Each structure stands twice: as structure tokens, then as C-alpha cells.
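Worksheet for the structure shown next.
The values are calculated or read from the model by the stated rules, or taken from the named source; none is laboratory data. Keep in mind the model is a prediction, meaning the values are calculated, not measured. Every residue, glycine among them, receives a Cβ derived from its backbone with ideal geometry; neighbour counts consider all protein chains shown. All accessible areas refer to the heavy atoms of the entire protein, side chains included, with ligands and DNA or RNA removed. Shrake-Rupley method; radii C 1.70, N 1.55, O 1.52, S 1.80 Å.
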Amino acid sequence: MASTAKPLTAERAILLLGWVATATAVMMYVSYISQIQLNIAGHKGSVIQPLATAVNCTLWVAYGLLKPQRDWPVALANAPGVVLGAITFATAL
């Protein structure tokens, strides 16, 4: 029985790296959920870090979507940072 797995070329390795980086970035932004819960419970955190996150991620999402050839890993990796950064910022006020 012959193997149907494709060899790992440099192009495939870069694509795989992009999607792994996307997944880890999403996990990083999901970690804001616990800070949101603390903020709502009255244990306010910093407003600067989530504001900077929301602004930075907005710029990266725009970059990923506005390129002539869309960069989906960049856009998708940063989209949760826009939403969760903004919520964390708002709840920390």
C-alpha cells in the first residue's frame, strides 16, 4: 500500500507554520477571557495592554484583508484580539 502523504516542501512548511502561528495567537487572545471575568467581578486590570492589543490587531486584520492576495492566517489570527482586546479594555474602565 503506497503512502498518499505529500512531502513537506518549503512552501508547505511555511503554510503549516502560518496556521500553527494562527492557532497559538488565537489561544493567546482567548486568555483575555479570564481578565474580562476579573474586571466584571471588580478586580480591574490595566487598560493600556488591552487597548494596545485591540489597536494592533485591528491594523493586522486590515493588513491581512486589504492585501491584493489576502493573508488569511494573519487576519484570522488577529481577529479575536480585536474583539477580546476591546472587551477587556471596556470592562477595565
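Structural remarks
- Legend: Rg and Dmax of the chain, from Cα coordinates, 17.2, 62 Å.
- Using C-alpha pairs below 8 Å separated by at least 6 residues, the relative contact order for the chain is 39 percent.
- Each of the peptides 41-49, 8-16, 74-82, 59-67 was scored by the mean count of other Cβ atoms within 10 Å over its residues; in descending order, highest first, they stand as 74-82, 59-67, 41-49, 8-16.
- Modelled FRET efficiency - R0 30 Å, R70 with A10, Cβ distances, 0.05 increments: 0.90
- A full extension of the chain between A41 and W19 corresponds to an added length of 4.5 nm, given 0.36 nm per residue minus the alpha carbon distance.
- Helix 48-66 vs. the chain, principal-axis angle (Cα, 0 to 90°, nearest 10): 40
- Electrostatic bookkeeping for P73 treats Lys and Arg as +1 and Asp and Glu as -1; over the other residues with beta carbon under 15 Å from its beta carbon, the sum is +1.
- C-alpha long axis of helix 10-30 to longest principal axis of the chain, angle in °: 20
- Ligands, DNA and RNA are left out, and with a 1.4 angstrom probe the accessible area of region 20-72 is 69 Å² per residue.
- Acute angle (nearest 10 degrees) that the helix 72-92 long axis makes with the longest principal axis of the chain, alpha-carbon atoms: 10
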